[in-house]
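S.K.: So that we are looking at the same thing, I have put the structure below in structure tokens.
The values are calculated or read from the model by the stated rules, or taken from the named source; none is laboratory data. Just so we're clear, the structure is a prediction, and the values are computed from it rather than from any experiment. As a convention, Cβ positions derive from the backbone with ideal geometry for all residues, glycine included, and neighbour counts pool all protein chains shown. Surface accessibility is based on the protein's heavy atoms, side chains included, excluding ligands, DNA and RNA. Shrake-Rupley method; radii C 1.70, N 1.55, O 1.52, S 1.80 Å.
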Amino acid sequence: MSVEPAVALDEIEAARVRIAEAVRPTPQVVSSALSDLAGAPVHLKLDHLQATGSFKLRGASNAVLQLDEAARARGVVGVSTGNHGRALAHAARRVGARCVICMSALAPANKAEGVRAEGAEARIIGESQDEAQEEVDRLVAKEGLVMIPPFDHRDVIAGQGTLGLEMLEAAPDARVALIQLSGGGLISGVAAALKALKPGIRVIGVSMARGAAMQASLEAGRPVAVEELATLADSLGGGIGLENRLTFPMVRDLVDEVVLLSEAEIAAGVRHCYWLERQIVEGAGAVGVAALLAGRVALEGPALVLLSGANIDMKIHHRIISGENVDIAAEGR
Ligand SMILES: *Cc1c(COP(=O)(O)O)cnc(C)c1O
């Protein structure tokens with residue numbers, strides 16, 4: 001690949017050293033069930049076992065650890081109520097920095113509790129994401145807090161990219177990687193690391209068919225908005241930002257193919273992870289496994305597959321693993 005990515009290998013290697021103490025080392029295991037099915041070794045990286053229940057702690061830690069003393073004293077702010085919010089709160093607490101997560105009154109109460117449990121302040125503002133964003137802008141302007149976005153930020157991308165280094169080191173003969181794709185911070189970092197170390201490796205993005213904003217943007221040739229729809233892979237929901245600077249071009253230049261999955265296929269991935277791999281994984285975390293199970297990817301050799309998160313409502317998880325056909329959209333979630 002001749003294109004030099006915006007976030008390069010040296011930044012990812014530096015991130016790895018920087019965050020080493022802040023993140024857990026997570027295992028990578030060969031799945032015999034998936035290897036038999038796919039006809040090639042399938043290596044599962046178990047980063048759903050990461051502290052806070054997702055890989056997002058890598059990017060958040062890399063961003064927080066680069067703040068100078070003055071910025072740490074003022075603190076950080078974010079709008080995500082999901083895995084990024086939890087990760088940012090955790091990373092900030094570790095260095096003693098203030099962290100405010102702004103959310104609208106529409107966010108479920110347990111999300112605010114989850115953020116508070118990580119030691120951050122949850123500020124409930126207005127009735128929409130836009131109003132919550134206005135409060136973020138106010139905190140940045142008036143109190144000097146530093147906004148850390150969930151994906152379109154070079155330190156976040158470099159932090160997520162550390163997964164690529166670890167995954168390839170544990171399976172140097174890998175020919176293909178199946179990586180979750182939403183805002184693209186994860187796959188941009190991972191693909192930059194993998195392709196710098198092994199240019200021939202194929203990187204496949206996996207997302208849900210319902211509301212796949214990056215895929216729509218790739219087709220349009222520029223960032224576009226899509227309607228946000230309820231999905232079992234809720235951590236993959238949301239847009240890529242019409243002002244996207246980094247992840248859109250990185251995904252366009254580094255990702256070889258995108259696979260979009262149905263809700264039933266995602267549920268089958270969660271079910272497989274539980275019954276055969278003995279892992280509790282959220283919908284988004286299981287899409288790589290789901291793509292293999294659905295026969296949507298032909299493996300030309302050993303594969304790297306990431307389990308990215310574990311933060312699923314356990315009542316929903318129970319229904320999925322019990323074989324129930326859970327239709328999240330019909331339930332109005
Ligand atoms: C955020 C997230 C993703 C996608 O990461 P992006 O950088 O937005 O593409 C995948 N899986 C889980 C569990 C996540 O929390």
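S.K.: Can you confirm whether segment 213-225 contains a residue that is under 26 Å from THR52 (Cβ atoms) and either within 14 Å of the chain's Cα centre (by Cα) or in contact (Cβ under 8 Å) with a residue 12 or more places away in the chain (or both)? Quick ask: steps written out before the conclusion?
M.R.: Going through segment 213-225, the residues under 26 Å from THR52 (Cβ atoms) turn out to be 213-214.
This time we only want the ones that are either within 14 Å of the chain's Cα centre (by Cα) or in contact (Cβ under 8 Å) with a residue 12 or more places away in the chain (or both), so: 213-214.
Within segment 213-225, one or more residues are under 26 Å from THR52 (Cβ atoms) and either within 14 Å of the chain's Cα centre (by Cα) or in contact (Cβ under 8 Å) with a residue 12 or more places away in the chain (or both).
S.K.: Can you name the residue in segment 280-332 that is part of a helix (DSSP H, G or I) and among the small types (Gly, Ala, Ser) and, of all such residues, is nearest to LEU49 (Cα to Cα)?
M.R.: GLY285
S.K.: Okay, next question. Do you know which of the residues in segment 76-135 that are assigned to a loop (DSSP other than H, G, I, E, B) and of a type in the set (D, E, K, R) is modelled with the lowest pLDDT?
M.R.: Going through the qualifying residues, I end up with GLU127.
S.K.: Could you count how many residues in segment 233-277 are more than 13 Å from the ligand (Cβ to nearest atom), crowded, with 17+ Cβ neighbours inside 10 Å and small (Gly, Ala, Ser)?
M.R.: So the count comes out to 2.
S.K.: Here's something else I'd like to know. Being within 14 Å of the ligand (Cβ to nearest atom) and open to solvent by 10 Å² or more (accessible area, probe 1.4 Å) is the filter; apply it to segment 181-195 and report the residue that is nearest to the chain's Cα centre (by Cα).
M.R.: Across segment 181-195, the extreme among qualifying residues is LEU186.
S.K.: What residue, of ARG58, ARG72, is of a type outside the set (A, V, I, L, M), in contact (Cβ under 8 Å) with a residue 12 or more places away in the chain, surrounded by fewer than 21 Cβ atoms within 10 Å (Cβ to Cβ) and in a helix (DSSP H, G or I)? Walk me through how you get there before you give the answer.
M.R.: Numbers: ARG58 fails: surrounded by fewer than 21 Cβ atoms within 10 Å (Cβ to Cβ).
Answer to the selection: ARG72.
S.K.: Quick check on segment 196-213. Is at least one of its residues assigned to a loop (DSSP other than H, G, I, E, B), surrounded by 22 or more Cβ atoms within 10 Å (Cβ to Cβ) and within 12 Å of the ligand (Cβ to nearest atom)?
M.R.: yes
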